[in-house]
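**Q** So that we are looking at the same thing, I have put the structure below in structure tokens.
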Amino acid sequence: MKKEFCSTNGYIKYAGIHLIVELWKAQNLSSLPKIRQILKKAVQACGATLLKIDLHKFTPYGGISGVAIIQESHISIHSWPEYKYAAIDIFVCGDVDPYKAIPVLRKEFKPKELQVMEVKRGLF
């Protein structure tokens, strides 16, 4: 039987769930090793399969942009350490639960405020 990579909530079928996560007054936003570790933990927490992590650090403020490519889609981050802000996207398909990555992000980045918005992508 062919594995299904779409999701359903019993009423609608969709390609995946895309969480848009915003962190304010956060920590650990300019460390490549720390962000790599956090992304690995987030992937593991939501039950996804990690394929590759690619990160880039910018000057002069040390912001980091990057992506954890997962078999079920991706988790990306863009950080602005000078503002203590990060934008994170968690896009998954199949039976992966992106919400399980949120406690990891909260624990590791220690934001004063965290906002999550959900978009169901590819409604069928």
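**Q** Among the listed residues 35, 75, identify the single one that is under 24 Å from residue 119 (Cα atoms) and modelled with pLDDT of 95 or more. Let's see the steps before the verdict.
**A** Details: 35 fails: under 24 Å from residue 119 (Cα atoms).
Selected residue: 75, the only one of 35, 75 that is under 24 Å from residue 119 (Cα atoms) and modelled with pLDDT of 95 or more.
**Q** Further question on the same structure: Residues of segment 81-124 being without any contact (Cβ under 8 Å) to a residue 60 or more places away in the chain and in contact with a Ser or Thr (Cβ under 7 Å, 6 or more places away or on another chain), which ones?
**A** 81
**Q** Okay, next question. Looking only at segment 73-124, which residues are farther than 19 Å from residue 48 by Cβ, in a strand (DSSP E or B) and out of contact with any Lys or Arg (no Cβ under 7 Å at 6 or more places or on another chain)?
**A** 78, 79, 80, 85, 86, 87, 115, 117, 123
**Q** For segment 58-65, indicate whether the set of residues that are touching a helix residue (DSSP H, G or I) at 6+ places or on another chain (Cβ under 8 Å), without any contact (Cβ under 8 Å) to a residue 40 or more places away in the chain and either part of a strand (DSSP E or B) or within 30 Å of residue 12 (Cβ to Cβ) (or both) is non-empty. Walk me through it before giving the result.
**A** Applying the first criterion (touching a helix residue (DSSP H, G or I) at 6+ places or on another chain (Cβ under 8 Å)) to segment 58-65 yields 61-64.
This time we only want the ones that are without any contact (Cβ under 8 Å) to a residue 40 or more places away in the chain, so: 61-64.
Imposing the further condition that a residue be either part of a strand (DSSP E or B) or within 30 Å of residue 12 (Cβ to Cβ) (or both) reduces the set to 64.
Yes, segment 58-65 contains a residue that is touching a helix residue (DSSP H, G or I) at 6+ places or on another chain (Cβ under 8 Å), without any contact (Cβ under 8 Å) to a residue 40 or more places away in the chain and either part of a strand (DSSP E or B) or within 30 Å of residue 12 (Cβ to Cβ) (or both).
**Q** Among the candidates 68, 45, 15, which residue alone is of a type outside the set (Lys, Arg) and out of contact with any helix residue (DSSP H, G or I) (no Cβ under 6 Å at 6 or more places or on another chain)? Please lay out each step first, then the result.
**A** On the way: 68 fails: out of contact with any helix residue (DSSP H, G or I) (no Cβ under 6 Å at 6 or more places or on another chain); 45 fails: out of contact with any helix residue (DSSP H, G or I) (no Cβ under 6 Å at 6 or more places or on another chain).
Selected residue: 15, the only one of 68, 45, 15 that is of a type outside the set (Lys, Arg) and out of contact with any helix residue (DSSP H, G or I) (no Cβ under 6 Å at 6 or more places or on another chain).
**Q** A further question on this structure: Of all residues in segment 20-46 being assigned to a strand (DSSP E or B) and aliphatic (A, V, I, L, M), which is farthest from the chain's Cα centre (by Cα)? Give the steps one after another, and end with the answer.
**A** Filtering segment 20-46 for residues assigned to a strand (DSSP E or B) gives 20-24.
Filter again for aliphatic (A, V, I, L, M), leaving 20-21, 23.
On the way: 20: 8, 21: 8, 23: 12 Å.
Per the stated criteria, the residue is 23.
**Q** Moving to a separate point now. Could you list, in sequence order, the residues of segment 47-57 that are loosely packed, with under 15 Cβ neighbours inside 10 Å, assigned to a strand (DSSP E or B) and in contact (Cβ under 8 Å) with a residue 12 or more places away in the chain? Talk me through it step by step, then tell me what you get.
**A** Taking segment 47-57 as the starting set, the residues that turn out to be loosely packed, with under 15 Cβ neighbours inside 10 Å are 49, 51-52, 54, 56.
Going one step further and asking which of them are assigned to a strand (DSSP E or B), we end up with 51-52, 54, 56.
Result: 51, 52, 54.
The values are calculated or read from the model by the stated rules, or taken from the named source; none is laboratory data. The model shown is predicted, which means the values in this text are computed figures rather than measured ones. A quick note on method: Cβ atoms are made from the backbone with ideal geometry, for glycine too, and the neighbour counts reach across all protein chains shown.
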